Amino acid sequence: MQASTVTQNAITLKGSAQIVAEFFNYGINSILYQRGVYPPEMFATVQKYGLSILVTCDKSLQKYLDTILAQLKDWLEAKAVHQVVLVISSAETKEALERWEFRIQSDEEMTNTSKPKEKELSDIQNEIKSVIRQIVASVTYLPILETAFGRAVGGMQARLGRYIVKAMSFASDLHDHDVS
């Protein structure tokens, strides 16, 4: 039987909803590829943040992710989301095998009319690059997943054994973001 796993990588992110959503796109794709949730042939390499990152080339998966990321962007702009959880679950048993938590803190001083705290885009991108590298590196600490996986959006509750891998954080102008 597969050991249940919780992966915790803390990431702090302050920034525009677009930057945060872009990070989630690359972060989620990295996790899906690195953990073998989808076969390697469903991914293509792109250059981003000075890294070669694998992203899905499967149209249905990309459409699914685009829908979720568009909703996330709306929630970020409204400061209505504090956590996003990516759960890797067994297609057969629906058991949660891994849980990646992305905690988000909005800049409470920021309003629609105020100017965001200044932070260089290059600094934000370097922090994101560091976090993506840590997602990739954390795979070496985790057990191999040997099952078919399910896909769903919603509130899955599960008791899991924990493997905690703490990652560095990054920040942009409007949001703090932690991954665990």
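Rule-based calculations on the coordinates, nothing more; no lab input. Everything numeric here is computed off the predicted structure, so don't read it as measured data. Every residue, glycine among them, receives a Cβ derived from its backbone with ideal geometry; neighbour counts consider all protein chains shown.
Rounded to the nearest Hz, the phi-derived 3J(HN,Hα) couplings of the stretch 89-99 under the Karplus curve 6.51 cos²θ - 1.76 cosθ + 1.60 (θ = phi - 60°) are 10, 6, 5, 6, 9, 6, 5, 6, 9, 9, 9, where x marks glycine and proline.
Arrange the following residues from fewest to most other Cβ atoms within 10 Å of their Cβ: Thr67, Thr56. Please list the in-between numbers first.
On the way: Thr67 11, Thr56 20.
Ranking Thr67, Thr56 by Cβ neighbours within 10 Å, fewest first, gives Thr67, Thr56.
Taking a point 7 Å out from the Cα of Asp123 in the direction of its Cβ, the residues of the stretch 15-50 whose backbone N falls within less than 15 Å of it are 15-16.
In order along the stretch 61-70, the phi-based Karplus estimate (6.51 cos²θ - 1.76 cosθ + 1.60, θ = phi - 60°) of 3J(HN,Hα) comes to 5, 5, 4, 4, 5, 4, 5, 5, 5, 5 Hz; Gly and Pro are listed as x.
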